[in-house]
Amino acid sequence: MNDQQTILYIEDNHDNQRLVRRILEPRGYTVQTAEDGPTGLAAARELAPALVLVDIGIPGLDGYETTTRLRGMPHLRATPIVALTADTREGTRERSIVAGCDGYITKPIDPRTLPQQIKEFIEGKREAIPQGVETDILREYNQKLVARLERQVRELRAANAELQEMDRMKSQFLATLSHELRTPLTSILGYLELFERRTLGPLNDVQTQAISVVARNARTLSRILNNLLYLQ
């Protein structure tokens with residue numbers, strides 16, 4: 001069941017957020033705000049608001065698509081979603097309703113009428129548009145969603161190609177690193193072993209201790225290099 005006191009307001013303008021709070025909270029509502037579509041969707045998953053206000057002009061994931069995703073949440077299917085926006089261009093109201101809004105309130109916000117408008121939507125008011133107009137706008141809206149999806153697919157393909165190139169460069173770098181470091185290190189370790197076995201002649205105590213320190217650190221470096229190349 002919806003919390004009859006909670007309003008979720010998705011709006012990127014902090015002044016408008018504060019204004020709506022100051023208008024509605026004295027009337028007994030709790031106003032939860034979100035600055036963009038993804039944040040609003042995350043908040044909506046946690047809340048059971050009595051009503052959702054959405055600014056159509058929010059950046060990134062716009063108000064239309066945010067509304068469509070909100071409407072797809074099972075616990076919000078019957079919750080009123082109302083567009084609250086300064087976009088008064090022809091067709092904006094109709095597109096808002098097709099996207100899933102139940103109503104459309106224009107800015108600037110009127111403190112005298114907003115509480116009553118909110119109350120009416122919570123109590124069941126729903127705006128509608130003619131069927132023919134809805135069909136045309138729905139077709140246009142679907143085309144925009146398809147275009148957005150195609151653009152995202154292209155961006156993902158480009159990002160994937162870039163990642164593949166970076167992976168190729170990493171492999172090439174590690175192969176070069178392996179050759180350039182392993183080759184001299186192999187010689188160093190080989191000669192150190194000859195010294196330790198006294199193959200190249202006897203060593204005094206100071207030389208033996210020095211060779212031992214160098215050999216220990218060379219083997220540590222070899223293990224680090226092997227681990228680094230193993231992690232590729």
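None of 97, 122, 109, 129 is aliphatic (A, V, I, L, M), under 17 Å from residue 53 (Cα atoms) and without any contact (Cβ under 8 Å) to a residue 40 or more places away in the chain except 97. Surrounded by fewer than 22 Cβ atoms within 10 Å (Cβ to Cβ), assigned to a strand (DSSP E or B) and at pLDDT 90 or above: is that true of residue 52 in this structure? Considered against the rule, which asks whether it is surrounded by fewer than 22 Cβ atoms within 10 Å (Cβ to Cβ), assigned to a strand (DSSP E or B) and at pLDDT 90 or above, residue 52 comes out as no. Filter the stretch 1-37 down to the residues that are free of Cβ contacts under 8 Å to residues at least 40 places away in the same chain, of a type outside the set (D, E, K, R) and in a helix (DSSP H, G or I), then identify the one that is nearest to residue 57 (Cα to Cα). If we take residues in the stretch 1-37 being free of Cβ contacts under 8 Å to residues at least 40 places away in the same chain, of a type outside the set (D, E, K, R) and in a helix (DSSP H, G or I), then 37 is nearest to residue 57 (Cα to Cα).
Kindly indicate which of 172, 117, 164 is in contact with an Asp or Glu (Cβ under 9 Å, 6 or more places away or on another chain), surrounded by 10 or more Cβ atoms within 10 Å (Cβ to Cβ) and modelled with pLDDT of 80 or more.
Numbers: 172 fails: in contact with an Asp or Glu (Cβ under 9 Å, 6 or more places away or on another chain); 164 fails: in contact with an Asp or Glu (Cβ under 9 Å, 6 or more places away or on another chain).
Residue meeting the stated conditions: 117.
Quick check, is residue 190 in a helix (DSSP H, G or I) and either within 47 Å of the chain's Cα centre (by Cα) or farther than 30 Å from residue 62 by Cβ (or both)? When the stated conditions are applied, residue 190 passes them. Residues of the stretch 94-136 that are more than 24 Å from residue 74 (Cα to Cα) and in contact with a Lys or Arg (Cβ under 7 Å, 6 or more places away or on another chain): 115 alone.
Of all the listed residues (40, 60), the sole one being closer than 19 Å to residue 96 by Cα, assigned to a loop (DSSP other than H, G, I, E, B), touching a residue at least 24 places away in the same chain (Cβ under 8 Å) and touching a helix residue (DSSP H, G or I) at 6+ places or on another chain (Cβ under 7 Å) is 60.
So, in the stretch 121-135, exactly how many residues are loosely packed, with under 13 Cβ neighbours inside 10 Å and at pLDDT 90 or above?
So the answer is 3.
From the list 214, 153, 206, the lone residue that is closer than 30 Å to residue 61 by Cα, among the β-branched types (Val, Ile, Thr) and in a helix (DSSP H, G or I) is 153.
Restricting to the stretch 74-113, and then to whatever is under 16 Å from residue 19 (Cβ atoms), within 29 Å of the chain's Cα centre (by Cα) and of a type in the set (A, V, I, L, M), can you tell me which residue is surrounded by the fewest Cβ atoms within 10 Å (Cβ to Cβ)? Among those that are under 16 Å from residue 19 (Cβ atoms), within 29 Å of the chain's Cα centre (by Cα) and of a type in the set (A, V, I, L, M), it is 86.
Can you tell me which residue is farthest from residue 76 (Cα to Cα) among those in the stretch 13-49 that are among the charged types (D, E, K, R) and surrounded by 14 or more Cβ atoms within 10 Å (Cβ to Cβ)? By that ranking, first place goes to 21.
The values are calculated or read from the model by the stated rules, or taken from the named source; none is laboratory data. These figures come from a predicted structure and were not determined experimentally. Because the Cβ atoms are built from the backbone with ideal geometry, glycine has one as well, and the counts that use them run over all protein chains shown.
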